[in-house]
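Asker: First the structure, which I've put down as structure tokens, then a few questions once you've had a look.
The values are calculated or read from the model by the stated rules, or taken from the named source; none is laboratory data. Note that the structure is a prediction, hence the values are computed from the model and not measured. Cβ sites come from the backbone with ideal geometry, for glycine too, and all protein chains shown count toward neighbours.
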Amino acid sequence: MQKITKFFQNPYVEVGIIFILTFLGSEYVSSNDPLFFESEFNIYFYLMIIITLFYGFFSGIFFLGIFFIAEYIIYHKINMDNLYQYFIIMLILSEFYYFWKKKVEKLEETNKYINHRLEDIGTAYYLLKLSHDEIEQNYILKPFSIRNVLQQTKKLMKENQDEAIQNFLLLIERTFKIEKASLYLYEKNNYKLVSSIGEDVKLDLKDSLVERVLKKRELVYTDISQDENSNYLAVIPLISLNNDIKGLFLIKEMPFFNLSKDNLLMISLFLSYFVNSYQKIDKYKQYSFDEDFLNELDKLLFLEKKYNIKTFLAVFEANEFELINIKKKLRGSDIYYKEKNRLMILFPFMSITGVKNFISRIENIENIKYKVIELDKNSLDEIIKEINND
């Protein structure tokens, strides 16, 4: 069924079907002149305009090819004036389509980046809120901060991945009172068991909950009201930054009162944070800078190179007090990373004039060493090399 749907979604197939349906309608209305060869009003001309604007140059050429081949078969000649006229108009329209498509892609990528930033900020907010709630509830008996544990786990990933996974599952076990669960990571076209809470839980890819997770790419849990036949209480996918499934978390046993949608969403949030942190650390392990900052820098570099969306990076070298004052002037959308006596700030979608205005507002700027870098380089390595050059 999917192959059939994909076949009919092909633009050339759609153009062919449109032509055939139009021809059948024309044949019914005007059987003597179905292609309106002798008519002042030619519906195929306007159809060509619509197809070129919607599909682009190659679909327009395809439509014209079908039209003039049909014209030659039916009338045994081709109107060359129409051929030249249609072709020139199609070239103009396809050029318009090209620039319009580029503009739409640019806006889509910008919105995609903004959505990712909002998701990151939302994740950080909920982790902070949950951490504070946990401290408030357990301050006397169990004074640990979830946010701090996650940060420690993230640091540990760089040194010992297995121990980091164990610490992460221990955090989930303590926070949500899970009794039996297993974490599977997707490696080399197969799901590999990496760690468990309690006894190992076997992965059954034919289980109803697992099949729904792989199809919908979102957490699912057993619905008691529907008497669902599954070996698990819940299955939570590990979704990467590229929206790929990087693993599955299978929950077999946990207290009934803890099995709520809110708790499962929180576990999913933890898992997303964990897998995305691991992905960033693995990708930027050769660099000494913070992987979150490098990830944002990499995204903005891509937008600059492909869509010419301007972003500037400012690097300040000063004492601690002066760097704190600079941070106080940042917008909510600005991204910064501090390394010793250096403060690096990314200004997404800001012009050079905006960056200069920001720098002019900094007190005592004449005594602070700084430089501004445009993200117009070919690679992340070149950007980092320029950051480190004095």
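Asker: Can you tell me which residue is farthest from SER333 (Cα to Cα) among those in segment 103-119 that are of a type in the set (Lys, Arg) and surrounded by 13 or more Cβ atoms within 10 Å (Cβ to Cβ)?
Answerer: Across segment 103-119, the extreme among qualifying residues is LYS106.
Asker: If you check LEU297 against the conditions, is it part of a helix (DSSP H, G or I), in the same structural domain as VAL213 (by TED's automatic domain parsing) and either buried (at least 18 other Cβ atoms within 10 Å of the Cβ) or not polar (S, T, N, Q) (or both)?
Answerer: No.
Asker: Report yes if PHE293 is in contact (Cβ under 8 Å) with a residue 24 or more places away in the chain, farther than 15 Å from GLU374 by Cα and in contact with a Phe, Trp or Tyr (Cβ under 7 Å, 6 or more places away or on another chain), otherwise no.
Answerer: Yes; evaluated as a whole, the condition is true for this residue.
Asker: Condition test on TYR221, is it touching a Phe, Trp or Tyr at 6+ places or on another chain (Cβ under 9 Å), assigned by TED's automatic domain parsing to the domain that holds PHE256 and either touching a residue at least 60 places away in the same chain (Cβ under 8 Å) or aromatic (Phe, Trp, Tyr) (or both)?
Answerer: On the way: touching a Phe, Trp or Tyr at 6+ places or on another chain (Cβ under 9 Å): yes; assigned by TED's automatic domain parsing to the domain that holds PHE256: yes; either touching a residue at least 60 places away in the same chain (Cβ under 8 Å) or aromatic (Phe, Trp, Tyr) (or both): yes.
Considered against the rule, which asks whether it is touching a Phe, Trp or Tyr at 6+ places or on another chain (Cβ under 9 Å), assigned by TED's automatic domain parsing to the domain that holds PHE256 and either touching a residue at least 60 places away in the same chain (Cβ under 8 Å) or aromatic (Phe, Trp, Tyr) (or both), TYR221 comes out as yes.
For (1) at pLDDT 80 or above; (2) crowded, with 16+ Cβ neighbours inside 10 Å, each residue gets a yes or a no:
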residue: LEU233; (1), (2): yes, yes
residue: ILE236; (1), (2): yes, yes
residue: ASN242; (1), (2): no, no
residue: MET254; (1), (2): yes, yes
residue: LEU259; (1), (2): yes, yes
residue: LEU265; (1), (2): yes, no
residue: SER268; (1), (2): yes, yes
residue: ASP282; (1), (2): yes, no
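Asker: Which of the residues belonging to segment 337-360 are in contact (Cβ under 8 Å) with a residue 40 or more places away in the chain and within 18 Å of LEU294 (Cα to Cα)?
Answerer: TYR337, GLU339, MET344, LEU346, PRO348, PHE349
Asker: Which pairs turn up if I take residues in segment 313-325 that are in the same structural domain as ILE384 (by TED's automatic domain parsing) and look for partners that are part of a helix (DSSP H, G or I) and among the acidic types (Asp, Glu) with beta carbon separation below 6 Å, at least 6 apart in sequence or on another chain?
Answerer: Pairs that qualify, where the first residue is in the same structural domain as ILE384 (by TED's automatic domain parsing) and the partner is part of a helix (DSSP H, G or I) and among the acidic types (Asp, Glu): there are none.
Asker: In segment 270-292, how many residues are of a type in the set (Gly, Ala, Ser) and in a loop (DSSP other than H, G, I, E, B)?
Answerer: 1
Asker: Given the conditions (1) in contact (Cβ under 8 Å) with a residue 12 or more places away in the chain; (2) over 30 Å from THR353 (Cα atoms), report the number of the one that ASP282 does not fulfil.
Answerer: Result: ASP282 fails condition (1) only.
Asker: Of all residues in segment 192-209 being outside any strand (DSSP E or B) and of a type in the set (Lys, Arg), which is surrounded by the fewest Cβ atoms within 10 Å (Cβ to Cβ)?
Answerer: We begin by selecting, within segment 192-209, every residue outside any strand (DSSP E or B); these are 198-209.
Narrowing further to those that are of a type in the set (Lys, Arg): 202, 206.
Values: LYS202: 11, LYS206: 6.
Per the criteria, the residue is LYS206.
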